[in-house]
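Visitor: One structure, as structure tokens, below. Some questions next.
The values are calculated or read from the model by the stated rules, or taken from the named source; none is laboratory data. All of these numbers come straight from a predicted model, not from anything done at the bench. Ideal geometry is used to build each Cβ from the backbone, glycine not excepted, and the neighbour counts take in all protein chains shown. When the accessible area is computed, the model is the full protein with side chains, heavy atoms only, and any ligands, DNA or RNA have been set aside. Shrake-Rupley method; radii C 1.70, N 1.55, O 1.52, S 1.80 Å.
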Amino acid sequence: MLKKMRSLIIPGVDKQLLVKDAVKLMPDLSRRRFIASGASFGALTLLTGCNVSDSVSAESLLTQISKFNDMVQAKIFNPNVMAPTYSEKDIRRPFPFNGFYSEDEAPEIDGKEWKLEVSGLVDNNRSWTLEELYKLPEVSQITRHICVEGWSAIGSWQGTPLRDFLKLIGADTQAKWVHFRCAEDYASSLDMPTALHAQTQMTFKFDNQILPRAYGYPMKIRVPTKLGFKNPKYVTSLEVTNDYKGGYWEDQGYNDFSGS
Amino acid sequence: MSSISIDDAQNASATSKAIQPVWVRVLHWINAVAMVIMIMSGWQIYNASPLFDFVFPRSITLGGWLGGGIMWHLAGMWLLVINGLLYVLLGIVTGRFRRRLLPISTSGVIGDTRAALTGKLSHADLSTYNQVQRLLYIGILIVGVVIVLSGLAIWKPVQFQYLTAIFGGYDTARYVHFVMMASIVGFLVIHVALALIVPKSLRAMIIGR
């Protein structure tokens, strides 16, 4: 039967190319299967008497609970609580590079060409040059960056509070999200209460130096009340919106709120 | 011979309800499932950024990748916390903790440990815990509280920063969380081994008597 089908599909087609194309279409299994390998193993199966491996219903249940956790975390989030701040001597040097690519693959951006696009529910959606953004009032923070993986590092960031910029462009702060897109096809959605948090920053400098390429030149969004992956780098556009537009990691299953 | 039958009669009257009441059995097995989920998904999360010079084999982790592990861990969290709170509440309200876990004394623990090691500790009466059991069960209750608190400390180090500070900061709280996990795994090994050695206890935890 299988042989028959294969001969129907394959005649005259390069098998290897076909497989290559098929693999491209498939989701990355190691990432998308929440239940994979481990779950079918031993104890869980024995205890529950059912095999949850590859179960679509288990996966959708987990997604539902993750959304419930988003809601709970939004309730826990207190906009008046500041992330702990640290002193100069606590700064990790060199601060670790992290991304879904290696450091030499990080985007190289020409600051003179670069523009921050502004769109969505704002009064003024003109784009901003780096020179203009550098003129905004600067604040500094030394806070802990906590990665979803569990490691953390203390860094020093300078820039302008995002909430001041949102006011400047006449953003509808009743909107639900500020969605960021980045030069390396990264994206992330920030809920409005977090976007308006006093420590959430449009960051242009690290350790009082112009943001190095490794840390997101020319602009990253520093959010000390969130896990690291909610701190987009190489930002190219900002959109104020009521539609949830997900993000690079959020779409793959990381909890969207991921508040610390 | 006669003493055995008297014992049996006493057991029957004293525990005519059951050695392990229904609520204990139900919460116990829910907890067993929750523990396995928390431990295996926790290992998955640990592997993303190991604290020590080893990782857990993929075959005994849950979730397939870090994001999946976190999903399982934070979902299992609700099961564990709701189940745990009910257990502690009922344990106090019904007086079970007081009856089963107290009194406990140093000399009693030493005596029963010696008896256990020399094979002289009796398991005839399952309705009374010996001093070693009491110590272990009290200990694991405390470990349970600490692992939940240290878990909250690393989940919300900004919102619950005072809790995180109590554990000595974010990094230390991770180690505390790990050590508590290791304690629970250690407890589980002993607990399961003893349940297999004294099969009556497993039976009691399933059918009640």
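Visitor: Suppose the filter is within 28 Å of B:Ile39 (Cβ to Cβ), open to solvent by less than 30 Å² (accessible area, probe 1.4 Å) and not basic (Lys, Arg); does B:Gly108 pass it?
Guide: no
Visitor: Against the conditions (1) more than 30 Å from A:Phe257 (Cα to Cα); (2) free of Cβ contacts under 8 Å to residues at least 12 places away in the same chain, where does B:Trp78 fall short? Just the number, please.
Guide: (1)
Visitor: Condition first: surrounded by fewer than 11 Cβ atoms within 10 Å (Cβ to Cβ) and over 30 Å from B:Ser41 (Cα atoms). Can you find one or more residues in region B:70-92 that meet it?
Guide: Scanning region B:70-92, I find no residue that is surrounded by fewer than 11 Cβ atoms within 10 Å (Cβ to Cβ) and over 30 Å from B:Ser41 (Cα atoms), so the answer is no.
Visitor: Next up: Give me the residue from region A:214-224 that is within 17 Å of A:Val139 (Cα to Cα) and either under 14 Å from the mean Cα position of the chain (by Cα) or free of Cβ contacts under 8 Å to residues at least 60 places away in the same chain (or both) and, out of that set, farthest from the other protein chains (Cβ to nearest Cβ).
Guide: If we take residues in region A:214-224 being within 17 Å of A:Val139 (Cα to Cα) and either under 14 Å from the mean Cα position of the chain (by Cα) or free of Cβ contacts under 8 Å to residues at least 60 places away in the same chain (or both), then A:Lys220 is farthest from the other protein chains (Cβ to nearest Cβ).
Visitor: Also, quick follow-up: In region B:142-166, which residue that is farther than 25 Å from A:Ser258 by Cβ and open to solvent by 50 Å² or more (accessible area, probe 1.4 Å) is farthest from the other protein chains (Cβ to nearest Cβ)?
Guide: Here the residue is B:Ile142.
Visitor: Using the structure shown, decide if A:Leu166 is part of a helix (DSSP H, G or I), at pLDDT 95 or above, farther than 30 Å from B:Val176 by Cα and open to solvent by less than 20 Å² (accessible area, probe 1.4 Å).
Guide: yes
Visitor: Cβ-Cβ below 7 Å, separation at least six or inter-chain, first residue in region B:99-120 and assigned to a helix (DSSP H, G or I), second of a type in the set (D, E, K, R) and surrounded by 15 or more Cβ atoms within 10 Å (Cβ to Cβ): which pairs?
Guide: These pairs meet every condition: B:Leu101/B:Arg134.
Visitor: In region B:45-71, how many residues are under 26 Å from A:Glu250 (Cβ atoms) and within 7 Å of another protein chain (Cβ to nearest Cβ)?
Guide: 14
Visitor: Take the residues in region B:167-184 that are crowded, with 16+ Cβ neighbours inside 10 Å and not in a helix (DSSP H, G or I), then tell me which one is farthest from the other protein chains (Cβ to nearest Cβ).
Guide: The residue in question is B:Phe167.
Visitor: Restricted to region A:229-252, and to residues that are open to solvent by less than 10 Å² (accessible area, probe 1.4 Å) and within 14 Å of another protein chain (Cβ to nearest Cβ), which residue is nearest to B:His73 (Cα to Cα)?
Guide: It comes out as A:Lys230.
Visitor: While we're on this one: B:Lys200 - would you say it is under 24 Å from A:Asn69 (Cβ atoms) and either within 19 Å of the chain's Cα centre (by Cα) or basic (Lys, Arg) (or both)?
Guide: So B:Lys200 fails the test.
Visitor: Still on this structure, please answer the following. For region B:111-141, what are the residues that are of a type in the set (A, V, I, L, M, F, W, C), surrounded by 15 or more Cβ atoms within 10 Å (Cβ to Cβ) and modelled with pLDDT under 85?
Guide: B:Ala115, B:Ala116, B:Leu121, B:Leu126, B:Val132
Visitor: With the checklist (1) in contact (Cβ under 8 Å) with a residue 24 or more places away in the chain; (2) touching a Gly at 6+ places or on another chain (Cβ under 8 Å); (3) aliphatic (A, V, I, L, M); (4) open to solvent by 30 Å² or more (accessible area, probe 1.4 Å) in hand, flag the one item B:Ala48 doesn't pass.
Guide: (1)
Matching residues to (1) assigned to a loop (DSSP other than H, G, I, E, B); (2) within 19 Å of B:Val185 (Cα to Cα):
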| site | (1), (2) |
| --- | --- |
| B:Tyr46 | no, yes |
| B:Pro50 | yes, yes |
| B:Val55 | yes, yes |
| B:Met71 | no, no |
| B:Trp78 | no, no |
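Visitor: Okay, moving on. Given the conditions (1) touching a Pro at 6+ places or on another chain (Cβ under 9 Å); (2) within 14 Å of chain A (Cβ to nearest Cβ), which single one is not true for B:Leu80?
Guide: (1)
Visitor: Would region B:129-150 turn up any residue that is touching a residue at least 60 places away in the same chain (Cβ under 8 Å) and either polar (S, T, N, Q) or at positive phi (or both)?
Guide: Checked region B:129-150: no residue is touching a residue at least 60 places away in the same chain (Cβ under 8 Å) and either polar (S, T, N, Q) or at positive phi (or both).
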